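Student: First, the structure itself, so that you have it in front of you.
What follows draws every value from the coordinates through simple rules; no lab data is involved. Source: prediction; values computed, not measured. In this analysis, Cβ positions are derived from the backbone assuming ideal geometry, glycine residues included, and neighbour counts consider all displayed protein chains.
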Amino acid sequence: MQSEVAQSYEEAKKLYARHGINTDDVLQKLEQVKISMHCWQGDDVQGFLFKDQELSGGISVTGQYPGAARTADELRSDIEKAFSLIPGKHKVNLHAIYADTEEDVDLDQLEPKHFQNWVDWAKEQGLGLDFNPTCFSHEKSKDGFTLSHPDPEVRRFWIDHCKASRKIGAYFGEQLGQTCVTNIWVPDGYKDVPVDRLAPRRRLKEALDDIFAEEINPAFNLDAVESKLFGIGSEAYVVGSHEFYMGYGITNNKLICLDAGHFHPMEGIAGKLSSLALFTDGILLHVSRPMRWDSDHVVTMDDELIEIGRELVRNDLLATTHVGLDFFDASINRVAAWVIGTRNTIKGILKAMLEPTDLLKSAELEGDYTTRLALLEEFKSYPFGAVWDYYCEKNGVPVREEWLTEVKAYEKEVLLERQA
């Protein structure tokens, strides 16, 4: 006998079929979508390489919810719990400060061996890994500059760190059989208006040229560069602006990272995807929720997320867009934050897949804007939720809010014990 979820799905399936949408095919496509879930939500961006290091680079995490991971093993346990409540097989995004090693090693000396425990674990779990050099929260980034630093010795340290990070990323890709995306973001900038905007950008360009001088098999590692509009301590000027990295990425065939929180508060990134797609071989997308600019709130099913999903699906960009998450909230259960944000991101893509895209495009091309608007509005109330529930049940994860019961139990049995 069919479950209630399966029965509801069958009814929804019939409705969507009226417009040529095969929901079974849609769910098969959805299973191929991998979300790169960020590790730093689990421990408030502390990492394990430098104990008790204060956050810097304009990064701030607020809240004192109990249960933050204190070790790599605890963090991996929390990630496993989150993934057990999220449909599909995905990836984990690591920062360099999450090296799992007893060795006293600085950022510029990191090697793949310092992440072997992560690789072994990812193999066991069937997960891919992405990577990021950590160009913040370090004594050599205290003055707000790294790759564009005027001191060549400081600049060399960060260049060597990024070079090491690319090799680590390539090792991940080779060992796991899933291409690693290694993304470079630096906090470089001035709090007040500078006299010379060009020189720091020239230094950043030269540093990036040095970092990327060594060719790495793109089957193992893809390089990405990430911009920002402004940050705490760089309100007046950011070296790595959107225009800088867009020019650099297109010229040098690097992925350009669009982070939903790194633009003007009234500016969405969905409309940028189709523009970049014409001039690049791929895009790195960081999904976040900037309630007040780059505040990195947990991703919800808001209008911007739905528009991002639509742009990816309508323009057939899923195959060339690497979708990751970037938020951190210490005011709520950290595992729940992962589950909510990741499930919502997948939902946003599924919702777009369940639109009659071909019919809408045809109406638009013919100038039938009445049909376009009417269908878009009517499909807002189509039973998307029934398809999502079935996808969860089919993948053996909790349906609807049932996952919260498991998170609460995990909090009581595991997370609260860390406070003892």
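Student: Compare 164, 236, 213 in a GNM of the chain, Cα atoms joined below 10 Å, and give the one with the largest fluctuation.
Tutor: Maximum fluctuation in the GNM of the chain, among the listed residues, is at 213.
Student: Now for a separate question. For 186, 61, what's the fewest-to-most ordering of other Cβ within 10 Å of each Cβ? Show your work: numbers first, answer last.
Tutor: Working: 186 27, 61 17.
Starting with the residue having the fewest Cβ neighbours, the order is 61, 186.
Student: For segment 7-51, what class follows from the C-alpha gyration tensor (a ≥ b ≥ c being the square roots of its eigenvalues): rounded when a/c is under 1.5, otherwise prolate if a/b is larger than b/c, else oblate? Could the numbers behind the result be given before it?
Tutor: On the way: a/c = 6.09, a/b = 3.78, b/c = 1.61.
Because a/c hits 1.5 or more and a/b exceeds b/c, segment 7-51 counts as prolate.
Student: Continuing with this model, one more query. Using alpha-carbon pairs under 8 Å, 6+ residues apart, how would you state the relative contact order of segment 1-79 in percent?
Tutor: Details: 30 pairs, mean separation 19.0, N = 79.
Taking the mean separation of contacting Cα pairs over the length of segment 1-79, I get 24 percent.
Student: Moving on. When a/c is below 1.5 the answer is rounded, else prolate if a/b is larger than b/c, else oblate, so apply that to segment 228-303 with a ≥ b ≥ c taken from the square roots of the Cα gyration tensor eigenvalues. Each step should come with its number before you reach the end.
Tutor: Numbers: a/c = 2.36, a/b = 1.26, b/c = 1.88.
Judged from the Cα gyration tensor, segment 228-303 comes out oblate (a/c at least 1.5, b/c at or above a/b).
Student: Could you put 325, 127 in order, starting from the residue whose Cβ has the fewest other Cβ atoms within 10 Å? Can you show the working numbers first?
Tutor: Working: 325 27, 127 21.
Ascending number of Cβ neighbours within 10 Å: 127, 325.
Student: For segment 26-122, which GluC sites (Glu not before Pro) are in a loop by DSSP, counting at most 12 other Cβ atoms within 10 Å? Working shown, then result.
Tutor: Numbers: sites: 31, 54, 74, 80, 102, 103; in loops: 31, 54, 102, 103.
Here the sparse-neighbourhood loop sites are 54, 102, 103.
Student: On to the next question. Looking only at the chain, where both bridge partners belong to it, what percent of the DSSP beta bridges are antiparallel (to the nearest 5)? Could you put the intermediate results ahead of the total?
Tutor: Details: 3 of 31 bridges.
Taking every DSSP beta bridge within the chain, about 10 percent pair in antiparallel fashion.
Student: Write out the GluC sites (Glu not before Pro) in segment 338-420 meeting two conditions: DSSP loop, and at most 11 other Cβ atoms within 10 Å of their Cβ.
Tutor: Within segment 338-420, the qualifying GluC sites (Glu not before Pro) (loop, at most 11 other Cβ atoms within 10 Å) are 366, 401.
Student: Also: Counting only DSSP beta bridges with both residues in segment 124-277, what percent are antiparallel, rounded to the nearest 5? List each step's numbers first, then the result.
Tutor: Working: 2 of 11 bridges.
Of those bridges, close to 20 percent are antiparallel.
Student: With a cap of 15 neighbouring Cβ atoms within 10 Å, and only residues DSSP puts in a loop, list the GluC sites (Glu not before Pro) found in segment 133-222. Walk me through the numbers before you get to the answer.
Tutor: Working: sites: 139, 153, 174, 206, 214, 215; in loops: 214, 215.
Answer in residue order: 214, 215.
Student: Hey, another quick one. What is the angle, in °, between the Cα long axis of helix 116-125 and the longest principal axis of the Cα atoms in the chain? Nearest 10 is fine, range 0 to 90.
Tutor: The answer is roughly 10 degrees.
Student: Right, next: Taking a ≥ b ≥ c as the square roots of the eigenvalues of the Cα gyration tensor of segment 278-420, is the shape rounded (a/c under 1.5), prolate (a/b larger than b/c) or oblate?
Tutor: On the way: a/c = 2.53, a/b = 1.77, b/c = 1.42.
Since a/c reaches 1.5 and a/b is larger than b/c, the shape of segment 278-420 is classed as prolate.
Student: Right, next: Compute the angle between helix 152-176 and the longest alpha-carbon principal axis of the chain, please, reported from 0 to 90 degrees and rounded to the nearest 10.
Tutor: Roughly 40 degrees between the two axes.
Student: Separation of segment 111-134 and segment 242-305 by C-alpha centroid, Å?
Tutor: Centre-to-centre (Cα) distance: 25 Å.
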